[in-house]
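> Please find one structure pasted underneath; my questions will follow.
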Amino acid sequence: MLYEGKAKKIYSTDKPEIIRVEYKDSATAFNGVKKDSIEGKGKLNNLFTSFFFELLSEKGIENHFEGKISETEHLAKKVSIIPLEVIVRNKAAGTLAKRIGKEEGFPMPFPIIELCYKNDDLGDPMLNDDHIFALNLASPDELKQIKEKALRVNTLLQDFFLGHGLELIDFKLEFGKTTEGTILLADEISPDTCRIWDAVTGQKLDKDVFRRDLAPLAETYHSLAVRIGILKNEA
Ligand code: 5GP
């Protein structure tokens, strides 16, 4: 094992350029203060992330995904993760709604990009471009690529979700760098990292159900997977 995070474990493989990502059943919120183990969560998030990375690959967004290999695992290209949480927001929710004093669901006139320093000890503080260059986290050209890619991902995912009567409120991406210096979309794309609401009722179908004790997480993620057609409803 190379690394264990809150929701995933990363292992080396017999190929130095490939890693194995295993999704855990653990759920955490508020920087690890709220924790639980939820049976089936790992499988569901591996299903979501594998599906979305394949979809984005088909649409020309280069990413680290190299194929799902089991219910809870996929392979990925090894990259060094740039320690930035790249958040894109279409409507105010969560910390943005608080920061600007608006109701959740307040529409933003254009997608807002926020960049946060990926550092649990500091509570992932927001950085501006100057901080990022001063700390050498990314060069101006790399940051430009990251922002452009994040906005393309937003358009593609928004269209996808709208086709299923769902609204993409916001999401968080992470990018990595290959040994050749190519910037690749990495980490995961799942309801742990996105806010997804029913476009008509506004029902929350993402990790906010866990953060705010609104509904059972596994059932919510399962219903989202059925709704977007990546899981059959066996219930
Ligand atoms: P907020 O800043 O409102 O808490 O989060 C904005 C969006 O980014 C939400 O979709 C949220 O799920 C995602 N996000 C922000 N920080 C993190 C994080 O540390 N972990 C995960 N999984 N998602 C995050």
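Laboratory data are not the source of any read-out in this text; all were calculated from the coordinates shown. Every value quoted in this text rests on a predicted model; they were computed, and no experiment measured them. Methodologically, a virtual Cβ is constructed for each residue, glycine included, from the backbone with ideal geometry; neighbour enumeration extends over all protein chains shown.
> Can you tell me the Rg and the Dmax, both Å, for the Cα atoms in the range 92-159?
13.8, 36
> Per DSSP H run of n ≥ 4, the term is -39500 (n - 2.57); total these for the chain, divide by its residue number, and report the mean residue ellipticity at 222 nm rounded to 500 deg cm²/dmol.
Helix contribution divided over all residues of the chain: -9000 deg cm²/dmol.
> Of the listed peptides 144-152, 27-35, 83-91, what is their order by residue-averaged count of other C-beta atoms within 10 Å, with the highest listed first?
Per-residue Cβ counts within 10 Å, averaged per peptide and sorted highest first, yield 83-91, 144-152, 27-35.
> Another question about this same structure. On the Cα set of the chain, report Rg and Dmax in Å, please.
When restricted to Cα atoms, the chain yields Rg and Dmax of 17.1, 53 Å.
> Most fluctuating residue of 225, 97, 134 in a GNM of the chain with Cα springs under 10 Å: which is it?
134
> Still on this model: Ranked from highest to lowest mean number of other Cβ atoms within 10 Å per residue, what is the order of the peptides 47-59, 118-130, 9-21, 201-213?
47-59, 201-213, 9-21, 118-130
> Among all lysine pairs in the range 17-129 that are eight or more places apart or on different chains, how many have alpha carbons less than 21 angstrom apart?
Lysine pairs meeting the criterion: 24.
> May I pose another question? Net charge near residue 82, counting Lys/Arg +1 and Asp/Glu -1 over other residues with Cβ under 11 Å of its Cβ?
That sum, taken over residues with Cβ under 11 Å, equals -2.
> Let me ask you something else. Within the range 111-125, find all residues whose amide N lies under 15 Å from a label point positioned 7 Å from the Cα of residue 99 along Cα-to-beta-carbon.
Answer for this model: 111-119, 123-125.
> Right, another one. So how far, in whole Å, is the C-alpha centre of the range 83-118 from the one of the range 126-174?
Each part's Cα centre sits 11 Å from the other's.
> Moving on to the next point. For the range 175-235, what is the convex hull volume of its Cα atoms per residue in Å³?
Considering the Cα atoms of the range 175-235, their hull volume per residue is 123 Å³.
> Quick one: in the range 50-99, what % of C-alpha pairs are over 12 Å apart?
Summing the P(r) tail past 12 Å for the range 50-99 gives 74 percent.
> At R0 = 41 Å, how high is the FRET efficiency between residue 37 and residue 159 if r is their beta carbon distance? Nearest 0.05 is fine.
According to the calculation, E is roughly 0.75.
> How much space per residue, in cubic angstrom, does the convex hull of the C-alpha atoms of the range 67-128 take up?
Given the Cα convex hull of the range 67-128, per-residue volume reads 158 Å³.
> Still on this structure: Given H placed 1.01 Å from N in the peptide plane, which residues other than close sequence neighbours of residue 8 have an amide H under 5 Å from its amide H?
Placed amide hydrogens put 24 under 5 Å from residue 8.
> Roughly speaking, what is the stretch gain from residue 180 to residue 119, that is 0.36 nm per residue apart minus the C-alpha to C-alpha distance, in nm to one decimal?
Net length gain for the segment: 19.4 nm.
> Quick one: compute the contact order of the chain, relative version, from alpha carbon pairs under 8 angstrom and 6+ residues apart, as a percent.
18
> Could you please tell me the mean projected area of the C-alpha convex hull for the range 34-152, averaged over all directions and given in square nanometres to one decimal?
9.7
> Going out from 0 in 10 Å bins, what whole percent of all Cα-Cα distances in the range 116-208 drops into each bin?
Spelled out bin by bin, the range 116-208 gives 14, 40, 31, 14, 1 percent.
> For the chain, with a Gaussian network of springs between Cα atoms less than 10 Å apart, report the residue from 155, 95, 179 with the top mean-square fluctuation.
95
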